[in-house]
1. Residue 53 passes all but one of (1) surrounded by 13 or more Cβ atoms within 10 Å (Cβ to Cβ); (2) under 14 Å from the mean Cα position of the chain (by Cα); which number fails?
2. Here are the criteria: (1) at pLDDT 95 or above; (2) surrounded by 15 or more Cβ atoms within 10 Å (Cβ to Cβ); (3) farther than 21 Å from residue 15 by Cβ; (4) among the small types (Gly, Ala, Ser). Tell me which single one residue 112 does not satisfy.
3. Name the residue, out of 36, 42, 23, 81, that is over 16 Å from residue 148 (Cβ atoms), at pLDDT below 90, in contact with a helix residue (DSSP H, G or I) (Cβ under 7 Å, 6 or more places away or on another chain) and of a type outside the set (D, E, K, R).
4. Is it true that some residue in the stretch 119-138 is surrounded by 16 or more Cβ atoms within 10 Å (Cβ to Cβ), assigned by TED's automatic domain parsing to the domain that holds residue 78, out of contact with any helix residue (DSSP H, G or I) (no Cβ under 7 Å at 6 or more places or on another chain) and farther than 22 Å from residue 73 by Cβ?
Amino acid sequence: MNEGKSVAYCSDAGMPAISDPGAKLVEACLENNLKATVLPGASSVLAACVLSGFDCGRFAFYGFLPREKRPREELMHLIGASKLPVVLFESPKRLFSTLQELYLLLGEREAAVLRELTKVYEEARRAPLSELIKAYKEPPKGEIILVLAPSSAQALELCDEALDLALMRLLDAGYSNRDAVNAASLALNIPKKRLYSRTLMLKRRE
């Protein structure tokens with residue numbers, strides 16, 4: 001480009017700079033005062049937002065969840081507290097475990113699984129997380145996009161028994177007391193003090 005030549009960049013992983021590191025090339029062009037432009041193409045993310053049926057005038061897109069434990073937990077907590085619909089990519093082999101993990105953290109929340117968008121075997125399934133878990137015990141085929149409904153803007157009025165159930169799910173999944181309280185507080189918008197007292201009560205029952 002410094003020699004006056006034109007360069008085109010495309011990716012078989014989706015929209016450049018969204019599904020691959022193409023942003024580094026655009027940044028390099030800007031830093032070197034080289035003109036860069038874009039030819040927009042089809043977007044699976046926007047197509048999934050439309051078919052999910054959620055109000056996606058604003059939404060949060062996080063791509064694939066991190067594999068590493070700490071970054072994954074941090075992002076899960078962020079998703080749990082999000083007041084916007086959340087869009088994720090997921091592989092067919094990990095869909096079932098991811099749905100289970102989201103259910104443990106978020107409780108019963110509406111979500112949509114979009115598969116093979118714009119293709120012959122396109123599928124759009126929207127249901128509570130517990131129902132989606134039952135539907136995808138066996139790995140489906142094709143590309144998967146998951147759209148989650150936003151969290152409630154107001155604190156949920158939950159009885160102690162419901163809080164205990166949510167905390168027990170997290171503790172049984174290997175969360176520490178502290179992490180379980182933090183996760184449940186973010187997901188349910190419940191004060192940590194109340195959740196911590198319920199955790200102590202559960203421990204005394206053991």
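1. (2)
2. Result: residue 112 passes all but (3).
3. Going through 36, 42, 23, 81 in turn, the sole match is 36.
4. no
The values are calculated or read from the model by the stated rules, or taken from the named source; none is laboratory data. Please read these numbers as outputs of a predicted model, since none were measured by experiment. For neighbour counting, all protein chains shown are included, and Cβ atoms are generated from backbone atoms with ideal geometry for every residue, glycine included.
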